[in-house]
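The values are calculated or read from the model by the stated rules, or taken from the named source; none is laboratory data. This one's a predicted model, so the numbers in the text were calculated from it and none came from an experiment. Cβ placement follows ideal geometry from the backbone for every residue including glycine, while neighbour counts extend to all protein chains displayed.
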Amino acid sequence: MSPEKRAARERLALRAALLRLEPPLETVAEDVLGVVSRIELVARDPDGRVTLVLTACPGADLARLAEGLAHCAWLEPRLADWNQLAPHLGLAAERGIQLLLAAPRFDERTRVAADSLGERVRLAELVPRGELDVELRPDVVETPARPALDGGRPPPGAAFRTGLRD
């Protein structure tokens, strides 16, 4: 099978998995030329929020996270044009773009970076379910708990080893 045909089959399986998410994501564009590489899928949730979808091979997830953020920054100012060309899509440009990065597993650095970006980035475990199907398990990949006192903040008036106070 040619690489192009294989990529098309993988995108088809990914599109089906996106529809099974909560909330479901409907694909509006695929294989779009982004900054300097291709964006696998652009999707929208029922409220019109745009989600850019990328997959990563093991070991390449941190680089794909950076690439995805660059694609989001590139796509955001173009959403008004997309709405003009296809108003029936109802893309909510004012809500910003979310990145959904799917991979079989994630590097610890990717998890921490995604966690620091808040809801702008979602990670999902990509699990094969046969030759032509995949499952996305969002929020399965969690940032490990940080040592915390009272929700991660030191108690008021606590002194640090250096003698500094909060």
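Below are the figures for this structure:
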read-out	value
Per-region count, the range 45-55, residues within 21 Å of Ala13 (Cβ to Cβ) and either among the acidic types (Asp, Glu) or surrounded by fewer than 20 Cβ atoms within 10 Å (Cβ to Cβ) (or both)	1
Among residues of the range 109-135, those that are crowded, with 16+ Cβ neighbours inside 10 Å and within 16 Å of Glu67 (Cβ to Cβ), counted	6
Residue list for the range 87-98, filter: of a type outside the set (Val, Ile, Thr), at pLDDT 95 or above and under 16 Å from Leu41 (Cβ atoms)	Leu91, Gln98
Residue among Glu76, Glu67, Glu40 that alone is free of Cβ contacts under 8 Å to residues at least 24 places away in the same chain and surrounded by 14 or more Cβ atoms within 10 Å (Cβ to Cβ)	Glu76
Number of the exception - Gln84 against (1) over 24 Å from Asp133 (Cα atoms); (2) surrounded by 20 or more Cβ atoms within 10 Å (Cβ to Cβ)	(2)
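Okay, residues lined up against (1) within 26 Å of Arg9 (Cα to Cα); (2) part of a loop (DSSP other than H, G, I, E, B):
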residue	(1), (2)
Cys57	yes, yes
Arg64	yes, no
Leu100	yes, no
Arg105	yes, yes
Arg111	no, no
Gly130	yes, yes
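Per-residue answers, yes or no, for (1) touching a residue at least 60 places away in the same chain (Cβ under 8 Å); (2) touching a helix residue (DSSP H, G or I) at 6+ places or on another chain (Cβ under 7 Å); (3) assigned to a strand (DSSP E or B); (4) surrounded by 18 or more Cβ atoms within 10 Å (Cβ to Cβ):
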position	(1), (2), (3), (4)
Lys5	no, no, no, no
Leu18	yes, no, no, yes
Ala29	no, no, yes, no
Val32	no, no, yes, no
